[in-house]
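Single-structure report; data block below.
The values are calculated or read from the model by the stated rules, or taken from the named source; none is laboratory data. A quick note: this is a predicted structure, and the numbers were derived from the prediction, not measured. With ideal geometry, Cβ positions are generated from the backbone for all residues, glycine too; neighbour counts draw on all protein chains shown.
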Amino acid sequence: MKHICELLSIQYPIIQGGMGNISNAQLAAAVSNAGGLGTIGCGTMTPAQVEAIILETKAKTKNSFAVNIPINVSPYTEEMISLVLKHEIPVVSLSAGNPAPFIPLLQENNVKVIVIVASVKHAQKAEAQGADVLVAEGFEAAGINSNMELTTFTLIPQISRHVTIPVVAAGGIGDGNGLAAALMLGAVGVQLGTRLIATKEAPFHSSYKQRLLDAADNETIILGRSIGQVRRVLKAPYADRIIELEQSGLVPEQYSKMTSEDYHINGAIQGDTENGFMNSGQVAGLIDHIPTVKELLEGMIKDARTQMEDRLNGFTVTVG
């Protein structure tokens, strides 16, 4: 745990997940100021839009933060790499594509590279390509997900066993219990997405936060399984409409249009679930309050430490 904090210049082993086009300086800076690694997700935004968020984030925090570049999603991947170098961003996370062409240039410029993976095979390839850190994301996670459908509880120990670089757990984690479990499974830290939506600093629609507070254990659904492009979202009228269209033969082009970042913004920022969707991981069922980011991160560290000490207290090992 100390190693990942030193490597990424953070206080706590907690990373913010990229949030695509709803990324913002306010939340990223709050995470970094609280001791975690705030992250700006590029999504499909233009370089000018991302640069504006980078500059605003720098104005709000003096601490380290990251930029997430979804390689095959962003139309401007090379331009985003240039932005990272221009503004001397210390950490980049690469997802949704082959990171190999970009890792050498980033590392030559002293940028630490995180690669998002969802299988042992992809983890081993990313390590061989020179990644500094892996985020292993289970199928519980929100938003665009892996077709592998491996859960965090099974994914983390398998990847940790087959690589030598640090592994961070993502998917289904939102409290100290989840952090403690991830550490016991072989991870050195965690990445949060959905849990950070329900914080005081997160500038998302109040109905989005309330939906997370009210969510039951079965509140999320998977879109896109019929065409191999899965995404986990909250149940809502717009999401139900996509499911119905899938059942009647929705084609990939139509699905891609209906799940574009425009409709993500409609749901998350405008609160319009008739004409947009809200990404959410299965951790939604565990969310029952809206803390500040600082309260969340500090509480997770405290609770994880308590959980690990309490669970092991009284156990003895007999040898021979």
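Condition check ((1) buried (at least 23 other Cβ atoms within 10 Å of the Cβ); (2) among the aliphatic types (A, V, I, L, M)) across all residues:
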position: I4; (1), (2): no, yes
position: L7; (1), (2): no, yes
position: P13; (1), (2): yes, no
position: Q16; (1), (2): yes, no
position: G35; (1), (2): no, no
position: T46; (1), (2): no, no
position: V84; (1), (2): yes, yes
position: P90; (1), (2): no, no
position: P101; (1), (2): no, no
Residue list for the range 122-137, restricted to those being surrounded by 21 or more Cβ atoms within 10 Å (Cβ to Cβ) and either at pLDDT below 95 or over 20 Å from A182 (Cα atoms) (or both): A126, A131
Residues of the range 1-60 being closer than 18 Å to I81 by Cα, in a loop (DSSP other than H, G, I, E, B), out of contact with any strand residue (DSSP E or B) (no Cβ under 6 Å at 6 or more places or on another chain) and not β-branched (V, I, T), which ones? G43, M45
Residues in the range 239-260: is at least one surrounded by 13 or more Cβ atoms within 10 Å (Cβ to Cβ), under 24 Å from S146 (Cα atoms) and among the small types (G, A, S)? yes
Restricting the first residue to the range 71-99 and requiring it to be farther than 25 Å from S146 by Cβ, which pairs with a second residue that is among the aliphatic types (A, V, I, L, M) and part of a loop (DSSP other than H, G, I, E, B) meet a Cβ separation below 7 Å and a spacing of at least six or different chains? I89/V111; P90/V111
Could you check, for the range 78-99, whether at least one of its residues is of a type in the set (S, T, Y) and touching a helix residue (DSSP H, G or I) at 6+ places or on another chain (Cβ under 9 Å)? yes
Under 6 Å between Cβ atoms, at least 6 apart or on separate chains: pull out the pairs that start in the range 241-257 with a residue that is at pLDDT 95 or above and end on any residue that is aliphatic (A, V, I, L, M). I242/L223; I242/M258
Show the residue pairs that are 6+ apart or on different chains and have beta-carbon atoms under 8 Å apart, the first residue being within the range 198-216 and among the polar types (S, T, N, Q), the second being surrounded by fewer than 22 Cβ atoms within 10 Å (Cβ to Cβ). T199/I290; T199/P291; T199/T292; S206/G271; S207/G271
Across the range 173-194, the tally of residues that are part of a helix (DSSP H, G or I) and closer than 27 Å to K209 by Cβ stands at 8
Filtered residues of the range 246-260 (kept if out of contact with any Lys or Arg (no Cβ under 7 Å at 6 or more places or on another chain) and within 22 Å of G271 (Cα to Cα)): Y255, S256, K257, M258, S260
